[in-house]
Structure formats: C-alpha cells, structure tokens
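**Student:** Encoded as structure tokens, here's the structure I'll be asking about.
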Amino acid sequence: MTLLALVSVGVYYMLKNRSEKDKCESETVEYPTNVEVEYYDETLFVNGIPYKMIPIKGGEFYMGIEGDEEAQKHKVTLSDYKIGETEVPQSIWEAVMGSNPSRHIGPNYPVEQISWNDCQKFIARLNELSGQTFKLPTEAEWEYAANGKNENITKLGDYAWYAVNSGHTTHAIRMKSPNGWGLKDMFGNVWEWCSDRHAVYSKSDVKDPKGPETGDMNVFRGGGCGSEAETCTPTFRGACMPE
C-alpha cells in the first residue's frame with residue numbers, strides 16, 4: 001500500500017499555551033457535512049481545491065549527523081511513498097474541519113496553531129472522506145524528502161521563509177523554489193509535525209523506521225518563519241508534547 005504523507009501542518013505558534021477554553025473546544029469538533037473529497041491522478045481535491053502528492057522513489061540514505069549522540073548518523077532504507085507538495089493550506093483544513101485556528105489568515109497560507117493531536121483528527125476525517133490512507137510523514141520520510149535528491153542548498157532564501165526574509169510572519173505556499181523532488185516549503189514558513197515520537201536514533205541500519213512505540217513528545221522539523229538558518233535544515237529536530 002502506498003502511504004500518502006501530508007507535509008503537514010504548521011506548529012510555529014503552537015508552542016504558546018492554549019487556554020483551557022480552547023482545549024475544551026478542540027475536544028468537541030462538529031465537522032462540516034457538505035465536503036466533497038476525491039483523490040485521483042496523484043492529487044487530492046477538497047471541495048475542488050487541489051493538493052498535489054509527489055511520488056518519492058525509495059532508496060538508501062544516511063540519516064542524522066555524524067558524531068551527534070542523539071541524532072547519530074545511520075543508514076536508512078525507505079520504500080516508495082508519496083508526500084504533499086507543500087504544507088497543508090488553510091483552505092483545505094477549514095473545508096475538512098469547519099474551523100481555522102491560524103493566526104495569519106489566508107486560504108493559501110499554511111495552517112498553523114495546530115497540535116499533533118489536532119493533526120490526527122484532521123487525518124482521520126480526511127481518510128474517512130477520501131477512502132485513502134493519509135498520515136503524517138515519519139522522520140525518515142521527511143528527512144529523505146527534504147534532502148531533495150541530495151542537492152546542496154546554497155541560498156536558503158530561495159527556498160524558505162525564515163527569520164532573515166519573512167518579517168516573522170507566515171507567507172502563502174508555493175512562493176519559493178522547489179527542491180529536487182519538486183517539493184516546496186520544506187524549510188521555513190511553519191514547522192512540520194512528523195508521526196514519530198522523539199527518541200535517540202538507532203545505531204543499526206533500519207528499514208522504514210516509524211520511531212518508538214512510547215514517548216512523551218513528538219517530533220517536528222523544517223524550521224518556521226522566525227527560525228534561524230541552522231534550524232532550517234534536513235537534519236535539525238524539534239519536539240513537543242502532542243497536545
């Protein structure tokens with residue numbers, strides 16, 4: 001089965017504490033009932049809004065950083081998968097969920113203020129509507145895709161909205177150059193959740209790793225609009241509680 005990995009949803013602002021009222025409201029979601037969802041020709045259509053999935057040819061790569069005790073470099077083998085061309089836009093989130101929690105509003109802006117748990121609700125609803133198997137990318141899938149066929153990014157500003165050029169605000173998706181796979185906004189703009197719980201990497205070679213079965217925090221990647229260049233890389237890891 002080909003897994004369809006959403007290049008997830010923004011967490012740049014989710015590090016601020018949500019109020020108790022917000023937490024309660026997030027548990028009582030009333031989903032819209034008039035949503036039309038189709039998936040064909042490697043494109044998801046939500047009420048006619050297209051979201052393209054990019055095929056990623058699996059292979060071997062070295063994940064992590066040489067000499068890093070937590071993110072130690074090791075060989076990973078991945079099967080083929082597909083991943084979203086961009087971060088999830090607010091227009092699709094709002095159509096599926098019936099609400100838009102984002103601070104910077106715009107239909108083509110990436111949705112933000114989203115917890116990992118919120119992502120699971122969105123994905124479950126999307127799978128119910130589409131009959132597909134969407135999920136968040138694993139850390140390995142995200143890093144492999146972010147490497148962009150191993151090209152060397154010399155001008156980060158061509159690929160990312162980050163602290164130097166963003167004005168510390170998010171921007172519409174698809175405004176920056178694609179990487180070698182054709183993916184946009186992998187770095188900067190908003191942080192992106194992965195499916196894995198946070199843990200020290202394996203020292204052994206692994207195939208299609210999914211992370212540990214237990215753990216308190218989940219991983220996010222890629223940097224945000226307020227991030228410095230050193231965090232907008234394929235290997236930098238962040239982690240936070242799923243709620």
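**Student:** For the stretch 65-100, which residues satisfy the criterion of being part of a loop (DSSP other than H, G, I, E, B), surrounded by fewer than 21 Cβ atoms within 10 Å (Cβ to Cβ) and in contact with a strand residue (DSSP E or B) (Cβ under 9 Å, 6 or more places away or on another chain)?
**Tutor:** So the first thing to find is which residues in the stretch 65-100 are part of a loop (DSSP other than H, G, I, E, B), and the list is 66-71, 73, 79-80, 85-88, 98-100.
Imposing the further condition that a residue be surrounded by fewer than 21 Cβ atoms within 10 Å (Cβ to Cβ) reduces the set to 66-71, 73, 79-80, 98-100.
Matches in the stretch 65-100: Glu66, Glu70, Ala71, Lys73, Ser79, Asp80.
**Student:** Exactly one of (1) farther than 21 Å from Pro178 by Cβ; (2) under 14 Å from the mean Cα position of the chain (by Cα); (3) in a helix (DSSP H, G or I) is unmet by Glu112. Its number?
**Tutor:** (3)
**Student:** Of the residues that make up the stretch 194-206, is at least one touching a Gly at 6+ places or on another chain (Cβ under 6 Å), closer than 17 Å to Leu136 by Cβ and not in a loop (DSSP other than H, G, I, E, B)?
**Tutor:** There is at least one residue in the stretch 194-206 that is touching a Gly at 6+ places or on another chain (Cβ under 6 Å), closer than 17 Å to Leu136 by Cβ and not in a loop (DSSP other than H, G, I, E, B).
**Student:** Look through Arg125, Arg103 and report the one residue that is closer than 20 Å to Ile49 by Cβ, not in a strand (DSSP E or B) and not acidic (Asp, Glu). Even if it seems obvious, please write down each step before you answer.
**Tutor:** Working: Arg103 fails: closer than 20 Å to Ile49 by Cβ.
From the options Arg125, Arg103, the qualifying one is Arg125.
**Student:** Is there a residue in the stretch 104-115 that is farther than 28 Å from Thr33 by Cβ, touching a residue at least 12 places away in the same chain (Cβ under 8 Å) and of a type in the set (Asp, Glu)?
**Tutor:** Checking the stretch 104-115: not a single residue is farther than 28 Å from Thr33 by Cβ, touching a residue at least 12 places away in the same chain (Cβ under 8 Å) and of a type in the set (Asp, Glu).
**Student:** Same structure, new question: How many of the residues in the stretch 84-119 are under 13 Å from Val190 (Cβ atoms) and aliphatic (A, V, I, L, M)?
**Tutor:** Matching residues across the stretch 84-119 total 3.
**Student:** Which residues, taken from the stretch 207-243, are assigned to a loop (DSSP other than H, G, I, E, B), over 29 Å from Met175 (Cα atoms) and not β-branched (Val, Ile, Thr)? Working first, answer last.
**Tutor:** Step one: filter the stretch 207-243 for residues assigned to a loop (DSSP other than H, G, I, E, B), giving 208-217, 222-228, 232-236, 241-243.
Next cut, over 29 Å from Met175 (Cα atoms) only: 208-217, 241-243.
Asp208, Pro209, Lys210, Gly211, Pro212, Glu213, Gly215, Asp216, Met217, Met241, Pro242, Glu243 - these are the residues of the stretch 207-243 that are assigned to a loop (DSSP other than H, G, I, E, B), over 29 Å from Met175 (Cα atoms) and not β-branched (Val, Ile, Thr).
**Student:** Can you go through Glu128, Glu141, Glu151 and tell me which one is surrounded by 20 or more Cβ atoms within 10 Å (Cβ to Cβ) and either in contact with a helix residue (DSSP H, G or I) (Cβ under 7 Å, 6 or more places away or on another chain) or among the charged types (D, E, K, R) (or both)?
**Tutor:** So the residue among Glu128, Glu141, Glu151 that is surrounded by 20 or more Cβ atoms within 10 Å (Cβ to Cβ) and either in contact with a helix residue (DSSP H, G or I) (Cβ under 7 Å, 6 or more places away or on another chain) or among the charged types (D, E, K, R) (or both) is Glu141.
We did not get these values from a lab; they are worked out from the coordinates using the rules stated. In this text, all values refer to a predicted model and were calculated from it rather than measured experimentally. Note that we place each Cβ from the backbone using ideal geometry, even for glycine, and neighbour counts take in every protein chain shown.
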